[in-house]
Amino acid sequence: MPAPPLLTVIVGDEELLVDRAVASVVAAAREAEPDADVHDLVPAQVGPTTLVEVTSPSLFGDSRVVVLRSSQDLNKEIATTVTDYLANPADDVTMVLTHAGGNKGKALLQAASKAGAQRIDCKGPTKPAERVAFVKKEFSSGGRQITPDAAQSLVDSVGSELREIAAACTQLMADTEGRVDAETVARYHSGKAEASGFTVADRAVEGRLPEALEQLRWSLAVGTAPVLINSALAGAVRGIAVVAQPARGVGEAELAKRAKVPPWKLRTLRQQARGWSAAGVTRAMEVVAETDALIKGAGRDPEYALERAVIEIARARGGAQN
């Protein structure tokens, strides 16, 4: 795997594909320099001196990877600092910017392009047939086969959230052998609807801790993948963040798009958002990110990590019902 270029911009709002693209660049950088330090930052973590700190020459000559997520949300001062850096990047730093696309923060995107950054587009599937094609590709990448009707059945069972679909594919491949058919999908997903990660997530963001923990234990007992549950928690927290402090002039359709929910669910989200503060939302987002890392290998007990996440999210709301 060749070393990645000094500058990469990843464009798109499909979180799973963006995460995979970031991981690919980081993996390439670490293959070239195994001891490379990685700084993965969101706008809230980037202050006036942050960029200088993470890109300044290392005393030990170590290479670094700096990932700036959601760069379209950087404030004007920080965006200017990043733009200046792009014009003269450090030769021992791999810089990765993620950008949702669209007009917000477009100048930064243009500056990255002008600087010769490698561009990776992450456009997710929007139509049912595209989601089915995604399932087939996931199985093919895993060296497995799934029949067309089974791929359709899996999409019908899991829904339209790409991260949920990918996690379901991963677990099916781990728990089965040979070609997966519709009967296997039906058998695997039967009986799980009421014990889904979505129910766990809803109870957690509502601060209904005892119920959230009960649903979590039941979901795990019937075999729901930990990654699916945490993905549902992430989606619920993201929805709260979107509706709790909506930008002025944003219509219902755009708000629903940002929250990644159908418009009719905004009413439920607004009810769930009551009692949440900006600090609480930030903490909940941190918990979800930490849990994602623990589930994917940084920790030894995914179930414990999820239980801790549910407790922390319910408490972050500031009104958990004990």
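Of all residues in the stretch 18-40, those that are in contact with a helix residue (DSSP H, G or I) (Cβ under 7 Å, 6 or more places away or on another chain) and over 16 Å from Pro89 (Cβ atoms) total 1.
Screening Phe134 with (1) touching a Gly at 6+ places or on another chain (Cβ under 9 Å); (2) over 29 Å from Val67 (Cα atoms) gives one miss only, at (2).
Taking the conditions exactly as written (touching a residue at least 12 places away in the same chain (Cβ under 8 Å), over 18 Å from the mean Cα position of the chain (by Cα) and part of a strand (DSSP E or B)), does Val65 satisfy them or not?
When the stated conditions are applied, Val65 passes them.
Kindly indicate whether Thr94 is buried (at least 20 other Cβ atoms within 10 Å of the Cβ), within 30 Å of Val155 (Cβ to Cβ), modelled with pLDDT of 90 or more and touching a helix residue (DSSP H, G or I) at 6+ places or on another chain (Cβ under 7 Å). Taking the combined requirement at face value, the residue does not satisfy it.
In this entry, Ala3 is excluded by the filter for residues that are of a type outside the set (Lys, Arg) and in a helix (DSSP H, G or I). A search for C-beta distances below 8 Å between a residue of the stretch 21-40 that is closer than 17 Å to Gln118 by Cα and any residue that is of a type in the set (D, E, K, R) and part of a strand (DSSP E or B), counting only pairs 6+ apart in sequence or on different chains, returns Val22/Asp40. Just one of the listed residues (Val93, Val158, Val132) is outside the structural domain of Ala234 (by TED's automatic domain parsing) and in contact with a strand residue (DSSP E or B) (Cβ under 7 Å, 6 or more places away or on another chain), namely Val93. Looking only at residues in the stretch 116-143 that are more than 19 Å from the chain's Cα centre (by Cα) and among the basic types (Lys, Arg), which one is surrounded by the fewest Cβ atoms within 10 Å (Cβ to Cβ)? So the residue we want is Lys127.
Would the stretch 226-247 turn up any residue that is in a helix (DSSP H, G or I), loosely packed, with under 14 Cβ neighbours inside 10 Å and modelled with pLDDT under 90? Taking every residue of the stretch 226-247 in turn, none turns out to be in a helix (DSSP H, G or I), loosely packed, with under 14 Cβ neighbours inside 10 Å and modelled with pLDDT under 90.
Look at the stretch 118-134: where a residue is part of a loop (DSSP other than H, G, I, E, B) and a partner is β-branched (Val, Ile, Thr) and modelled with pLDDT of 90 or more, sitting 6+ places away or on another chain with Cβ atoms under 9 Å, you get Cys122/Ile10; Cys122/Val11; Cys122/Val18; Cys122/Thr98; Lys123/Val11; Pro125/Val132. Of the residues Ala167, Ala186, the single one that is buried (at least 19 other Cβ atoms within 10 Å of the Cβ), in a helix (DSSP H, G or I) and outside the structural domain of Ser231 (by TED's automatic domain parsing) is Ala167.
Scanning the stretch 189-214 for residues that are assigned to a helix (DSSP H, G or I), of a type in the set (Gly, Ala, Ser) and at pLDDT 90 or above yields a count of 3. Restrict the check to the stretch 102-115 and report whether at least one residue is crowded, with 21+ Cβ neighbours inside 10 Å and more than 20 Å from Gly12 (Cβ to Cβ). Taking every residue of the stretch 102-115 in turn, none turns out to be crowded, with 21+ Cβ neighbours inside 10 Å and more than 20 Å from Gly12 (Cβ to Cβ). Of the residues making up the stretch 20-42, those that are at pLDDT 90 or above and over 19 Å from Ser63 (Cβ atoms) number 2.
The values are calculated or read from the model by the stated rules, or taken from the named source; none is laboratory data. The shown structure was predicted, so the numbers you read here are calculated from the model rather than taken from an experiment. Quick reminder, even Gly has a Cβ in these numbers, built from the backbone with ideal geometry, and neighbours come from all protein chains shown.
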